[in-house]
Amino acid sequence: MNRLSPSFSADFDDVNQEIVLTGRMRPRSPDEMRGVTDLVRRSLDGSSATVYVNVKRLTHMNMTAFRCLANVLAGACAENPGRMIVIVTSSVITWSAPLFKTLAADQPNLSVEIYDSAFYPGQTFVEDESFIPILRTQTKMTWRHEREILPRHGLREGLTVADICCGIGDFATLIKRHFNPARLVALDHSRKSLEYARRVAADFGLNSIEYTYGDASQMLLADNQFDFVTCRHSLQIFNRPDILLRELYRICKPGGRVYITNEKNSHCLGEPHSETIRWTYEQVARLFSHFDMDVEMGPKSRRLLNDAGFDAIQVESFMVTNLDGDPRDFADVIEAWENVYAGQMAVRRGDPPDFIRRFRQGFRDHVLAALHPKGYAGWPIWAASGRKPY
Amino acid sequence: MQHASLEQEAFQDMTALTLDAGLFTSEFRLCDTIAEYLANIVAQSHEDPARYANFSSLVINEIIELAFRSTEPVGRIDIDLLKSETRVRACVAFAFGKDSSTTWATFDRAAAPSRPHPAYDLAALAQAVDVNLFVETRGDDRVTLIADFLVREGTR
């Protein structure tokens with residue numbers, strides 16, 4: 001990354017022909033924009049077909065910056081009418097598309113697109129509404145453990161808390177009910193999930209949770225705001241967990257803690273049929289890896305938190321099992337995994353029917369282990385937290 | 001942008017901030033800091049406060065930057081947030097120099113300002129993002145820039 005100032009940056013990816021502008025771009029004078037405009041001009045000069053100007057993570061901008069960019073882009077459009085310039089904005093940042101569309105009005109070879117579905121490449125697999133009951137069951141199963149774990153990582157009543165990648169908001173609701181934070185913000189990039197979360201919170205009379213639609217990799221939340229930041233099962237499905245952790249660190253107060261949970265899918269286990277179960281979950285890890293997700297991340301939590309600058313790191317693991325509550329709940333979750341992993345992801349990867357049949361068998365054996373009167377089925381999770389240094 | 005012939009609507013005080021103009025113009029970063037502070041208050045009744053604060057801070061910051069670039073470095077900057085049933089109004093008042101009196105006092109009520117009027121960019125921004133903007137002059141040396149925001153979703 002070509003860092004041009006502490007608050008904003010510009011970079012050119014010549015493989016994708018993409019100029020990426022990021023951060024808070026509020027310069028006092030055009031001189032402060034020279035690095036950006038030079039990079040944009042050079043990048044455009046070297047490109048002849050379509051060039052993308054990605055402003056999805058440009059969260060703030062003043063008109064000094066906008067005019068500088070507008071002048072460069074208008075000049076480039078006039079010099080090379082055969083080249084298309086596509087400005088890619090985010091639906092999270094409501095001013096971005098209307099403002100950049102004012103440029104498109106005067107330039108036939110410049111267009112604006114609103115884009116948000118690629119923040120988390122794998123997330124589309126679990127955004128289907130039919131997956132919601134399973135997500136709720138998963139949270140119910142993990143909460144039995146996390147309710148005891150969270151205080152050991154510093155959560156207590158009266159803190160300011162953010163739940164990033166909150167999904168359908170069930171974890172935030174539990175936090176509200178059991179830890180009564182002074183303020184609770186819950187962020188996700190799925191509008192459907194947030195609508196559901198707001199509805200559920202209203203049903204429980206929990207009106208003080210602030211739900212916000214946002215990109216966890218470039219949040220609109222200010223620096224140093226929260227005592228306790230949670231991000232559960234999400235770093236592992238983001239292709240750049242370091243970027244997410246940087247943002248979690250940024251919004252956390254000095255002395256506050258960031259709490260993450262991640263899995264190690266290949267360690268899912270069951271008896272009987274331990275071998276077929278083990279094989280299938282090893283394949284799950286490979287399948288996610290194919291889609292740039294790392295569901296083996298759990299034990300890497302200490303390293304990730306350390307590399308992101310946290311200290312006083314704590315790591316522990318727990319095993320969700322069929323003996324926690326109703327075994328049928330666990331079986332339902334495994335069946336949902338089978339539907340998504342074997343029914344959708346493996347198909348999209350192009351796996352042959354024989355593979356998918358064997359792949360499904362491990363899930364079915366896991367269900368059998370969960371429901372068998374003498375069986376045992378487990379799903380291991382790593383909970384870790386780090387303190388942002390003072 | 002229009003000169004204020006503001007309709008009669010009951011507004012209540014939300015926030016008032018008075019700054020010494022010399023202090024204000026000594027540090028450009030204050031524009032961003034003040035804009036973020038005010039935008040968080042503007043957005044507090046919205047379903048998604050973080051996003052509306054981000055949106056409103058765009059316009060508020062531009063108004064404050066315009067005050068920063070246009071004000072005389074003496075006297076005071078008055079910043080007020082007012083609230084009605086449907087709107088949150090941000091007002092920023094500052095003194096302009098005698099050289100600028102024609103610029104502000106003869107401001108065209110009907111048309112958007114043209115370059116190089118100091119409010120050209122602000123007016124273009126407000127139009128692009130659909131925020132109502134007004135200008136009100138008092139005497140021959142003081143101007144108030146006014147922007148109206150929705151008090152919550154669906155109140156336009």
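Of the residues making up region B:83-92, not a single one is in contact with a helix residue (DSSP H, G or I) (Cβ under 7 Å, 6 or more places away or on another chain), within 14 Å of chain A (Cβ to nearest Cβ) and without any contact (Cβ under 8 Å) to a residue 60 or more places away in the chain. Among the helices (runs of 4 or more DSSP H) confined to region B:5-85, the ones with at least 3 residues that are crowded, with 18+ Cβ neighbours inside 10 Å and modelled with pLDDT of 95 or more are located at B:29-42, B:49-70. Of all residues in region A:269-298, exactly one satisfies the criterion of being open to solvent by 20 Å² or more (accessible area, probe 1.4 Å) and of a type in the set (Val, Ile, Thr), namely A:276.
Going residue by residue through region A:295-310, is there one that turns out to be aliphatic (A, V, I, L, M) and more than 19 Å from residue A:382 (Cα to Cα)? No, the conditions are met nowhere in region A:295-310.
The single condition from (1) surrounded by fewer than 16 Cβ atoms within 10 Å (Cβ to Cβ); (2) within 14 Å of another protein chain (Cβ to nearest Cβ) that residue A:57 fails is (1).
Return the residue satisfying two criteria in turn: it lies in region A:223-233 and is under 18 Å from the mean Cα position of the chain (by Cα) and open to solvent by 10 Å² or more (accessible area, probe 1.4 Å), and of such residues it is modelled with the lowest pLDDT. Among them, the one singled out is A:233. Checked against the criterion of being under 10 Å from the mean Cα position of the chain (by Cα) and in a helix (DSSP H, G or I), the candidates A:248, A:244 yield just one match: A:244.
Screening residue A:73 against (1) hydrophobic (A, V, I, L, M, F, W, C); (2) surrounded by fewer than 21 Cβ atoms within 10 Å (Cβ to Cβ); (3) part of a helix (DSSP H, G or I); (4) touching a helix residue (DSSP H, G or I) at 6+ places or on another chain (Cβ under 8 Å) leaves a single unmet condition, (2). Scanning region A:209-232 for residues that are in contact with a strand residue (DSSP E or B) (Cβ under 7 Å, 6 or more places away or on another chain) and free of Cβ contacts under 8 Å to residues at least 40 places away in the same chain, which turns out farthest from the other protein chains (Cβ to nearest Cβ)? It comes out as A:224. Within the bounds of region A:148-165, is there any residue that is crowded, with 20+ Cβ neighbours inside 10 Å, closer than 21 Å to residue A:202 by Cβ and of a type outside the set (A, V, I, L, M)? Within region A:148-165 (the criterion being crowded, with 20+ Cβ neighbours inside 10 Å, closer than 21 Å to residue A:202 by Cβ and of a type outside the set (A, V, I, L, M)), the answer is yes, since at least one residue qualifies.
Here residue A:85 passes the criteria (1) facing chain B (nearest Cβ under 10 Å); (2) outside any helix (DSSP H, G or I); (3) modelled with pLDDT of 95 or more except the one numbered (1).
When A:266, A:317 are checked against the criterion of being open to solvent by 60 Å² or more (accessible area, probe 1.4 Å), small (Gly, Ala, Ser) and in the same structural domain as residue A:366 (by TED's automatic domain parsing), a single residue qualifies: A:317. The set of residues in region A:18-49 that are open to solvent by 50 Å² or more (accessible area, probe 1.4 Å) and either among the polar types (S, T, N, Q) or under 20 Å from residue A:115 (Cβ atoms) (or both) comprises A:48, A:49.
Candidates in region B:29-67 are the residues that are in contact with a Cys (Cβ under 9 Å, 6 or more places away or on another chain) and without any contact (Cβ under 8 Å) to a residue 60 or more places away in the chain; of these, the one that is farthest from the other protein chains (Cβ to nearest Cβ) is B:64. Within region A:19-33, is there a residue that is in contact with a Phe, Trp or Tyr (Cβ under 6 Å, 6 or more places away or on another chain), away from chain B (no Cβ under 13 Å) and within 30 Å of residue A:190 (Cα to Cα)? Within region A:19-33 (the criterion being in contact with a Phe, Trp or Tyr (Cβ under 6 Å, 6 or more places away or on another chain), away from chain B (no Cβ under 13 Å) and within 30 Å of residue A:190 (Cα to Cα)), the answer is yes, since at least one residue qualifies.
Among the residues of region A:90-97, not a single one is more than 11 Å from chain B (Cβ to nearest Cβ) and among the hydrophobic types (A, V, I, L, M, F, W, C).
The values are calculated or read from the model by the stated rules, or taken from the named source; none is laboratory data. All values derive from a computational prediction rather than experimental measurement. Methodologically, a virtual Cβ is constructed for each residue, glycine included, from the backbone with ideal geometry; neighbour enumeration extends over all protein chains shown. Keep in mind that these areas ignore ligands, DNA and RNA; they rest on the heavy atoms of the full protein, side chains included. Shrake-Rupley method; radii C 1.70, N 1.55, O 1.52, S 1.80 Å.
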